[in-house]
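What follows is a single structure, written as structure tokens, with notes after it.
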Amino acid sequence: MIKRHLGSQGLQVSALGLGCMGMSHAYGGYDESASFATLNHALEQGINFFDTAEMYGPYTNEKLLGQWLNTLKNQREELVIATKFGFDIRDGAFPGLNSRPEHIREVVDASLKRLQTDYIDILYQHRVDPDVPIEDVAGTVAELIEAGKVRYFGLSEAAPETIRKAHHTCPVSVLQSEYSLWERRLEHETLPLLRELGIGLVPFSPLGRGFLSGDTKPASAYDSRDFRSWGDPRLSEENYITNLRLVDAIRHLAEEKATTPARIALAWLLHQGEDIVPIPGCRRIPHLDDNIGAVALHLEADEVSQLSQITTQLGVAGERYTAEFARFTDQ
């Protein structure tokens, strides 16, 4: 597995990371043994970048990752573990945001215990809190870095103005936001700013919550515990059929290159720049192996261009979030 540099602060990770959320949150089901097997296989294949958050569960995903880390003995220094703060968690629900400095400190201490580690490699603000100046957030993370509890500062779903202000107070190493063949909004202002400031990009949902992999189902086909059954407008009955045209175009190129749609979609992202490291989530080894195959997949310049034009030519039906979740974004 090749490595990539995320930002200009010295952070280096595998070219593909592993989003761990789905192992215990959002997509229904929990299988500890299968998750451990997938995590071990990822490590064996050279993936060293693992993403979680206190919100996932809540807390159960960090605990799962912590139990796994505890089995690795002396390998901790080889890994890059990312987690997040920023939600107000009450009785398992998320009524709002909370990035007050005292809350950030409390969350970090609790996350360290759940993760069974002495430090967090990347600490993200999960969502921008409009009630707390970003300078106060960045200053608090800078203190945590100075204390040795955190190594790198990250933001998630932050707007360009927020990124610039935060970076002025504490260097931001990474932005994590949704970016894929069917979600391109970062390209206009955010991605150029990241490159101006020397900040890496970690795309989440790089396969459109599985849709771009060709494993396509409408919202109604998912279990009620699955976020996709109610939280993704692009999978709703009225939008699903329209969006299948995008998958068909990706599948067509995949057939020409004797590969899979998932690898095509991830390879397109990897070809957007050496400062980009996607974190597709998966719970099973076959899906992980499919994703890993994208790292070695070469796309010709005309193929990258062809894929880039799909969204413009075919369009994407539906917003990426319902209004309930869109209110937490800073864009």
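Rule-based calculations on the coordinates, nothing more; no lab input. These numbers come from a predicted model, not from an experiment. Glycine gets a Cβ as well: all are built from the backbone with ideal geometry, and neighbour counts include every protein chain shown.
Rg and Dmax over the alpha-carbon atoms of segment 106-222 stand at 16.2, 48 Å.
What is the extension gain from SER33 to ILE285, computed as 0.36 nm multiplied by their sequence separation minus the C-alpha to C-alpha distance, in nm to one decimal?
The SER33-ILE285 span can extend by a further 89.5 nm.
In the P(r) worked out for the chain, what percent of Cα pairs fall beyond 28 Å? Value for the chain: 38 percent of Cα pairs lie more than 28 Å apart. Dipole size of segment 238-278 about its Cα centre, with +1 on Lys/Arg Cβ and -1 on Asp/Glu Cβ: approximately 120 debye, rounded to the nearest 20. Between the residues HIS25, TYR119, PHE36, the greatest Cα displacement towards the positive end of the dipole of segment 1-152, with unit charges on the Cβ of Lys, Arg, Asp and Glu, is found for PHE36. Farthest toward the positive end of the dipole of segment 90-232, out of PRO206, ILE145, ILE134, is the Cα of PRO206, where the dipole comes from beta carbon charges about the Cα centre. Taking one quarter of the surface of the convex hull spanned by the alpha-carbon atoms of segment 264-317 gives a direction-averaged projected area of 4.7 nm².
Counting only the Cα atoms, segment 189-267 fills a convex hull of 126 Å³ per residue. The mean sequence distance of close C-alpha pairs (under 8 Å, at least 6 residues apart), as a share of the length of the chain, puts its relative contact order at 20 percent. Counting neighbouring Cβ atoms within 10 Å and putting the fewest first, the residues VAL172, VAL80, VAL13 line up as VAL80, VAL13, VAL172.
222 nm [θ] for the chain, helices only, -39500 (n - 2.57) per DSSP H run of 4+, per residue, to 500?
Value at 222 nm, helices only, nearest 500: -11000 deg cm²/dmol.
For the chain, the longest principal axis of the C-alpha atoms and the axis of helix 32-44 are separated by about 80°. Placing +1 on the Cβ of every Lys and Arg and -1 on the Cβ of every Asp and Glu, with no other charges, gives the chain a dipole of roughly 380 debye about its Cα centre. Against the chain, whose longest principal axis is taken from its Cα atoms, helix 261-270 shows a tilt of about 50°. Of the trypsin sites (Lys or Arg not before Pro) found in segment 211-244, those that fall in a DSSP loop while having at most 13 other beta-carbon atoms within 10 Å are ARG225.
Compared with the alpha-carbon gap, the fully stretched path from HIS168 to ARG195 is longer by 8.2 nm at 0.36 nm per residue. Listed by chain and number, the lysines whose C-alpha is less than 22 Å from the C-alpha of LYS84, apart from same-chain residues fewer than 8 away, are LYS63, LYS113, LYS149, LYS165. Applying both filters, DSSP loop and at most 15 other Cβ atoms within 10 Å, to the GluC sites (Glu not before Pro) of segment 226-326 gives GLU274, GLU300, GLU319.
Positive end of the dipole of the chain (Cβ unit charges, origin at the Cα centre): among THR60, SER308, THR190, the Cα lying farthest that way belongs to THR60. How high is the FRET efficiency between ILE241 and THR60 when r is their beta carbon distance and R₀ equals 41 Å, given to the nearest 0.05? Efficiency computed from Cβ-Cβ geometry: 0.70. Under 1.5 on a/c is rounded, so check that first for segment 1-107, then, if it is not, pick prolate when a/b is larger than b/c and oblate when it is not; a ≥ b ≥ c are the square roots of the alpha carbon gyration tensor eigenvalues. Cα axes put segment 1-107 in the oblate bin. Per residue, the average separation of C-alpha pairs within less than 8 Å and at least 6 apart gives segment 185-331 a relative contact order of 29 percent. Maximal additional length on extending the ARG90-ALA323 stretch stands at 81.8 nm, based on 0.36 nm per residue less the C-alpha distance. The residues THR190, THR140, THR311, when put in order of fewest to most other Cβ atoms within 10 Å, stand as THR311, THR190, THR140. Pairs of Cα atoms nearer than 8 Å and 6+ residues apart set the relative contact order; for segment 139-204 it is 31 percent.
What size of dipole, in debye to the nearest 20, comes out for segment 137-251 about its Cα centre when the only charges are +1 on Lys and Arg C-beta atoms and -1 on Asp and Glu C-beta atoms?
For this selection, approximately 180 debye.
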